[in-house]
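Asks: Encoded as structure tokens, here's the structure I'll be asking about.
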Amino acid sequence: MNQPILLSTPHMGAQELEFVKEAFETNWVAPVGPNIDAFEQEFSQVVGSKYSAALSSGTAALHLALKLVGVKSGDEVFCSTFTFIASASPITYLGAKPVFIDSDRLSWNMDPNLLADALAKRDKQGKLPKAVLLVHLYGQSADLEPILAICDRYSIPVIEDAAEALGATYKNTSPGTWGRAGIFSFNGNKIITTSGGGMLVSDDLNLIDKAKFLATQARDPQPHYEHTEIGFNYRLSNISAGIGRGQLLVLKERVAARRKNFEIYREALGDLPGIQFMPEPNYGVSTRWLSCLTFDPQIAGIDREQVRLQLLAKQIETRPVWKPMHLQPVFADCECINNGVAEDLFQKGLCLPSGSNLSDADLARVISEIKQVYKFK
Ligand SMILES: *Cc1c(COP(=O)(O)O)cnc(C)c1O
């Protein structure tokens, strides 16, 4: 029986264990310590942000970012609909409500024109959202310049969810560093992992200092633990930060490996009828966190569920692209500025095994099984 091929698994390099060992040897087995400070600094250098706060997850980072730009109970936040739920959940943690914005076909991310129309309309009604939460999906940067220009016009802060886009570029700089704040994730399935963790980045020192304060139970600087605000326990451990430092050293290789997966898939499958691979606009470079493609059943004669199920039977894990947030039962009462793109992508889209540790033989097996689905349709 063949070994299972999974969607995206952790991929350790050579240095992680050294940083972890050092943490053990110096007894910095705590949510404070030298690896955390170093990880934050090294991360800032890699992405080109002034300041970073290492946190327990990307979700925690989004929660703090939204709180720190002033989102409060009863507010609305515009948010990409085509995303993983962790982009939208933190909006509800604050008692605010998401309003979902659909994607364009070029980037699969928030459509700048749709956003511009929606904000113009809301401005007339005197009902502007408190923030815009912009997602860079599957490692592909959204079209940041027009989106930031539109939001600037109304003085609305942009928070970037770059959880899947560490190592990507937009006009030669990192997505996640353009808005008021950006977040990254080190969950086990992401480009690099700390076995769970996240980073909040910003050029605003005050925002990052406040995030660290809130992440440490909002402890005022008094020996007796004085509290004037409610905080959270959101700090990353010094052990995890050690893993992160090692992973940062191989980030470039990890991105290159994922991009290579994508190219191998596209080379082998791109000419099959009804297949389209996720586009890459020429303003930047995607991480290809997951290799995504769509099957148009009218042309292909098969649909993505057939492909998914047949590959599953062969121990190959694939996954439908994210179900848009406005179709999620939990957000049934939320407004969506809908152009049908995310819904269409959801009907047709599939993510293939994409780990940076896949072998050529793994890739060949995935390709051969997809060709089999076509052969016996
Ligand atoms: C993974 C992910 C998150 C959440 O990150 P965690 O570290 O798992 O909390 C948020 N947004 C997107 C788009 C993600 O893929």
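The values are calculated or read from the model by the stated rules, or taken from the named source; none is laboratory data. Please read these numbers as outputs of a predicted model, since none were measured by experiment. Positions of Cβ are backbone-derived with ideal geometry, glycine not excepted, and every protein chain shown enters the neighbour counts. Side chains are part of the model used for accessible areas, which takes the heavy atoms of the whole protein and leaves out ligands, DNA and RNA. Shrake-Rupley method; radii C 1.70, N 1.55, O 1.52, S 1.80 Å.
Table: residues versus (1) closer than 20 Å to residue 355 by Cβ; (2) at pLDDT below 95; (3) surrounded by 22 or more Cβ atoms within 10 Å (Cβ to Cβ).
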position	(1), (2), (3)
234	no, no, yes
243	yes, no, yes
247	yes, no, yes
268	yes, no, no
279	no, no, no
289	yes, no, yes
302	no, no, no
322	yes, no, yes
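Asks: Another one. Looking at segment 226-272 only, could you name the residues that are among the aliphatic types (A, V, I, L, M) and outside any helix (DSSP H, G or I)? So that I can check it myself, show each step before the final result.
Replies: Applying the first criterion (among the aliphatic types (A, V, I, L, M)) to segment 226-272 yields 230, 236, 239, 241, 243, 248-251, 255-257, 264, 268-269, 272.
If the condition is that a residue be among the aliphatic types (A, V, I, L, M) and outside any helix (DSSP H, G or I), then 230, 236, 250, 272 are the ones that fit.
Asks: Moving to a separate point now. Test of understanding: among 114, 133, 137, 128, which residue is farther than 20 Å from residue 328 by Cβ and outside the structural domain of residue 283 (by TED's automatic domain parsing)? Before the answer, list the steps.
Replies: Details: 114 fails: farther than 20 Å from residue 328 by Cβ; 133 fails: farther than 20 Å from residue 328 by Cβ; 137 fails: farther than 20 Å from residue 328 by Cβ.
Only one candidate qualifies: 128.
Asks: Turning to a different aspect of this structure: If you take the residues of segment 179-209 that are buried (at least 24 other Cβ atoms within 10 Å of the Cβ) and of a type in the set (A, V, I, L, M), which of them is farthest from residue 46 (Cα to Cα)?
Replies: My answer is 181.
Rundown of residues vs (1) over 24 Å from residue 190 (Cα atoms); (2) of a type in the set (A, V, I, L, M), yes/no style:
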position	(1), (2)
336	yes, no
340	yes, no
353	no, no
361	no, yes
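Asks: Any idea which residue in segment 307-320 is farthest from residue 364 (Cα to Cα), counting only those that are in contact (Cβ under 8 Å) with a residue 24 or more places away in the chain and open to solvent by 30 Å² or more (accessible area, probe 1.4 Å)?
Replies: Step one: list which residues in segment 307-320 are in contact (Cβ under 8 Å) with a residue 24 or more places away in the chain, which gives 307-308, 310-311, 314-320.
Narrowing the set further to residues that are open to solvent by 30 Å² or more (accessible area, probe 1.4 Å) leaves 308, 310, 314-315, 317, 319-320.
Values: 308: 16, 310: 16, 314: 13, 315: 14, 317: 14, 319: 18, 320: 21 Å.
Going through the qualifying residues, I end up with 320.
Asks: Which one is most open to solvent (accessible area, probe 1.4 Å) among residues in segment 163-173 that are over 10 Å from the mean Cα position of the chain (by Cα) and within 15 Å of the ligand (Cβ to nearest atom)? Explain how you work it out, then say what you get.
Replies: Applying the first criterion (over 10 Å from the mean Cα position of the chain (by Cα)) to segment 163-173 yields 167-173.
Those left that are additionally within 15 Å of the ligand (Cβ to nearest atom): 167-168.
Numbers: 167: 33, 168: 5 Å².
Step by step, filter segment 163-173, then rank; the result is 167.
Asks: Moving on to the next point. Give, as residue ranges, the helices (runs of 4 or more DSSP H) completely inside segment 52-153 that count at least 2 residues that are within 11 Å of the ligand (Cβ to nearest atom) and crowded, with 21+ Cβ neighbours inside 10 Å.
Replies: Details: elements: 58-68, 89-93, 112-125, 144-153.
In segment 52-153, 58-68 are the helices (runs of 4 or more DSSP H) which contain 2 or more residues that are within 11 Å of the ligand (Cβ to nearest atom) and crowded, with 21+ Cβ neighbours inside 10 Å.
Asks: So which residues in segment 174-205 are within 25 Å of residue 114 (Cα to Cα) and within 11 Å of the ligand (Cβ to nearest atom)?
Replies: The initial filter retains those residues of segment 174-205 that are within 25 Å of residue 114 (Cα to Cα), namely 174-183.
Of everything in segment 174-205, just one residue is within 25 Å of residue 114 (Cα to Cα) and within 11 Å of the ligand (Cβ to nearest atom), namely 183.
Asks: Condition first: within 16 Å of the ligand (Cβ to nearest atom) and either at pLDDT below 95 or charged (D, E, K, R) (or both). Can you find one or more residues in segment 155-162 that meet it?
Replies: To start, the set of residues in segment 155-162 that are within 16 Å of the ligand (Cβ to nearest atom) comprises 158-162.
Still in the list and also either at pLDDT below 95 or charged (D, E, K, R) (or both): 160-161.
Yes, segment 155-162 has at least one match.
Results for (1) in contact (Cβ under 8 Å) with a residue 24 or more places away in the chain; (2) touching a Cys at 6+ places or on another chain (Cβ under 8 Å), shown as yes or no for each residue.
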| position | (1), (2) |
| --- | --- |
| 9 | yes, no |
| 13 | yes, no |
| 26 | no, no |
| 31 | yes, no |
| 39 | yes, no |
| 88 | yes, yes |
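Asks: Additional query: Among the residues of segment 346-377, which ones are assigned to a helix (DSSP H, G or I) and open to solvent by less than 10 Å² (accessible area, probe 1.4 Å)?
Replies: First, the residues of segment 346-377 that are assigned to a helix (DSSP H, G or I): 346-348, 360-375.
Matches in segment 346-377: 363, 366, 370, 373.
Asks: What do you reckon, is residue 176 surrounded by fewer than 20 Cβ atoms within 10 Å (Cβ to Cβ) and on the phi > 0 side of the Ramachandran plot? Spell out how you get there, then give the answer.
Replies: Working: surrounded by fewer than 20 Cβ atoms within 10 Å (Cβ to Cβ): no; on the phi > 0 side of the Ramachandran plot: yes.
Considered against the rule, which asks whether it is surrounded by fewer than 20 Cβ atoms within 10 Å (Cβ to Cβ) and on the phi > 0 side of the Ramachandran plot, residue 176 comes out as no.
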